[in-house]
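Peer 1: Handing you a structure now.
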Amino acid sequence: MKTLVIVTHPNIEGSTWNKAWVEELQKHNEFTIHQLYQTYPDEKIDVAKEQQLLESHDRIIFQYPFYWYSTPPLLKKWFDQVLQYGWAYGPDGSKTKGKEIGVAISTYGTEASYQSSGSNQFTLQELLRPIEALANFISATYLPHFSLNDSTNVTDERIAKSSKDYLHHIKTVKSAVVHS
């Protein structure tokens with residue numbers, strides 16, 4: 001299975017977690033790492049190139065820091081421009097059919113804050129429903145997400161464990177949906 005990891009961090013060099021995750025994945029040649037902010041510093045997306053990348057991979061993981069309960073702006077723009085009618089959806093839009101789509105995010109808040117009784121009042125699964133809906137809309141399979149909460153709590157041990165856990169997740173995650 002060919003896996004494309006689309007990293008959308010506006011300052012990857014200043015990142016702790018997303019940078020460590022990228023560095024871990026780069027040790028394994030079965031992943032294609034594609035960094036949107038580095039590829040498109042002017043935010044002018046090459047739609048044909050992006051669509052070709054998607055077509056040549058079976059599993060797509062969107063990796064980003066969780067911004068205001070959503071994606072960074074360039075990833076939203078990427079969704080709007082790349083996942084076109086007639087290509088990803090609509091009568092002739094079948095290029096993403098059967099692909100697997102997953103999310104890997106880092107959050108500032110603690111795990112407890114992402115509970116119905118927590119300060120955010122919603123779980124991460126609930127807050128990631130727009131990505132799940134996107135996957136469904138383009139006939140892809142949505143995979144359970146990977147997350148690291150409390151991103152300000154940085155230790156070398158935690159970085160190493162999270163990076164290994166992320167690698168394991170990408171290699172082994174399966175859809176929770178049972179197809180009949």
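The values are calculated or read from the model by the stated rules, or taken from the named source; none is laboratory data. This structure is a prediction, so every number in the text was calculated from the model and none was measured. Cβ coordinates were reconstructed from backbone atoms using ideal geometry, including for glycine residues, and neighbour counts include every protein chain displayed. With ligands, DNA and RNA removed, areas are computed over all heavy atoms of the protein, side chains included. Shrake-Rupley method; radii C 1.70, N 1.55, O 1.52, S 1.80 Å.
Peer 1: Give me the percent of DSSP beta bridges within the chain that run antiparallel, rounded to the nearest 5.
Peer 2: The antiparallel proportion sits near 5 percent.
Peer 1: By how many nm would the segment from Glu30 to Tyr85 grow when fully extended, if each residue of separation counts as 0.36 nm and the alpha-carbon distance is taken off?
Peer 2: Stretched fully, the Glu30-Tyr85 segment lengthens by 16.8 nm.
Peer 1: Whenever you get a sec, compute what percent of the accessible area on segment 1-46 sits on carbon and sulfur atoms (1.4 Å probe).
Peer 2: Looking at segment 1-46 in its full context, I get 42 percent from C and S.
Peer 1: I want the antiparallel fraction of DSSP beta bridges within segment 42-113, as a percent rounded to 5.
Peer 2: 10 percent
Peer 1: How fast does segment 1-96 diffuse by Stokes-Einstein, in µm²/s, taking the Kirkwood radius from C-alpha pairs at 25 °C and 0.890 mPa s?
Peer 2: 174 µm²/s
Peer 1: Among 97-104, 18-25, what's the highest-first ranking by average C-beta atoms within 10 angstrom per residue?
Peer 2: Answer by packing, highest mean first, reads 18-25, 97-104.
Peer 1: What percentage of the solvent-accessible surface of segment 76-180, computed with a 1.4 Å probe over protein heavy atoms, is contributed by carbon and sulfur atoms?
Peer 2: 51 percent
Peer 1: So which of Lys2/Lys95; Lys2/Lys97; Lys49/Lys95; Lys19/Lys49 end up more than 22 Å apart, counting from Cα to Cα?
Peer 2: Lys19/Lys49
Peer 1: With an 8 Å cut-off on Cα pairs and a minimum separation of 6 or more residues, tell me the relative contact order of the chain in percent.
Peer 2: 23 percent
Peer 1: What number does segment 126-180 give for Rg over Rh if you use C-alpha atoms and the Kirkwood radius?
Peer 2: Answer for segment 126-180: 1.08.
Peer 1: Sort the following peptides by mean Cβ neighbour count (other Cβ atoms within 10 Å, averaged over residues), highest first: 61-67, 153-159, 1-7.
Peer 2: Listed from highest to lowest mean packing, they are 61-67, 1-7, 153-159.
Peer 1: Additional query: Over the Cα atoms of the chain, how large are the radius of gyration and the largest Cα-Cα distance (Dmax), in Å?
Peer 2: Radius of gyration, then largest Cα-Cα span, for the chain: 15.9, 50 Å.
Peer 1: Here is a follow-up. Set the Förster distance to 35 Å, then compute FRET efficiency between Glu157 and Met1 from the Cβ-Cβ distance, nearest 0.05.
Peer 2: That gives a FRET efficiency of 0.70.
Peer 1: How many percent of the alpha carbon pairs in segment 96-148 exceed a separation of 18 Å?
Peer 2: 36 percent
Peer 1: Gain in length, Thr16 to Trp68, computed as 0.36 nm per residue apart minus the alpha-carbon separation, to one decimal in nm?
Peer 2: Full extension of this stretch gives 16.8 nm more.
Peer 1: Are there chymotrypsin sites (Phe, Trp or Tyr not before Pro) in segment 89-180 that DSSP marks as loop and that have at most 16 other Cβ atoms within 10 Å, and which are they?
Peer 2: Filter output for segment 89-180: Tyr108, Phe122.
Peer 1: Which value, in Å², gives the accessible area per residue of segment 37-180 when a 1.4 Å probe is used on the protein heavy atoms?
Peer 2: Roughly 56 Å² per residue, with all protein chains present.
Peer 1: To the nearest 500 deg cm²/dmol, what mean residue ellipticity at 222 nm is calculated for the chain from DSSP H runs of n ≥ 4 alone, each contributing -39,500 (n - 2.57), summed and divided by the residues?
Peer 2: -10000 deg cm²/dmol
Peer 1: Taking the Cα centre of segment 32-180 as origin, work out the dipole magnitude from +1 charges on Lys and Arg Cβ and -1 charges on Asp and Glu Cβ, in debye rounded to 20.
Peer 2: Its charge dipole is roughly 240 debye.
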